[in-house]
Amino acid sequence: MLLHRIKHRIALQLGENKKLQRALLLCAAILCADALLYAVLIVPAAGRLSQAEARYVELKKRRVEAVLFQKQKKELTGLLAGIPTQKDMPLLVKEFVQKARGAGLAVSSINYDIPKRGAEELALLTFSFPTEGKYADIKKFLYEVETSDRIVGIQEVKLDGDKGKVKLQMKLMTYIKEQ
């Protein structure tokens, strides 16, 4: 009952007080305008902001990839420049013979065949490299081959001992490019 009386009294005062009615009406209009502006301007802007942030992250990722690609492209260009051609093969073999002799090894005849080319720019070439000497000298030579600046890999290693000498039969591989 008390609550009913309070409501009735407030209703009477509102009905009599025009200034209070205008103020309440103005507050209601401002709240409606605020809700309308929020729905029309703020909500779409938040969606555009999240899209712009996602685009920024994607562009940043693509930039990092592009910088990495440019760095790798320079390194790959240098790598391709270091690949020997067919006419460079005797020089490559001579270099390894000198390294073997410098390590105190005797070198036998080296065999390699220039591979037939397909459509590729590079061709895989393997060559045998037989040497003989002390075990320590062979280890030293193997280390020099592995740490060489040349693009040469060791495909196969066979060791055989005979009267205090160690025979090394090594198969090396490299890529060669067209002239």
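Among the listed pairs Lys99/Lys163; Lys87/Lys177; Lys71/Lys99; Lys99/Lys158; Lys99/Lys167, those whose Cα-Cα separation exceeds 21 Å are Lys99/Lys163; Lys71/Lys99. Among Ser50, Ser128, a tally of other beta-carbon atoms within 10 Å of each Cβ gives an order, fewest to most, of Ser50, Ser128. Residue by residue, region 17-30 carries 3J(HN,Hα) couplings of 9, 5, 5, 5, 4, 5, 4, 5, 5, 5, 4, 5, 5, 5 Hz when phi is fed to the Karplus relation 6.51 cos²θ - 1.76 cosθ + 1.60 (θ = phi - 60°); x denotes Gly or Pro. Please compute the length gained on full extension between Asp88 and Tyr135, using 0.36 nm multiplied by the number of residues separating them and subtracting their Cα-Cα distance. Between Asp88 and Tyr135, full extension yields an extra 13.9 nm.
Around Ser148, under 12 Å between beta carbons, what's the net of Lys plus Arg minus Asp minus Glu among the other residues? Can you show the working numbers first?
Numbers: positive: Lys99, Arg150; negative: Glu95, Glu144, Glu146, Asp149.
Neighbour charge sum, excluding Ser148 itself: -2.
Taking the number of Cβ atoms within 10 Å of each Cβ as an exposure proxy, the fewest-first ranking of Met170, Met89 is Met89, Met170.
No value in this document is a laboratory result; all are computed from the given coordinates. Not measured: the values here are computed from a predicted model. Every residue, glycine as well, gets a Cβ built from its backbone with ideal geometry; the counts of neighbours run over all protein chains shown.
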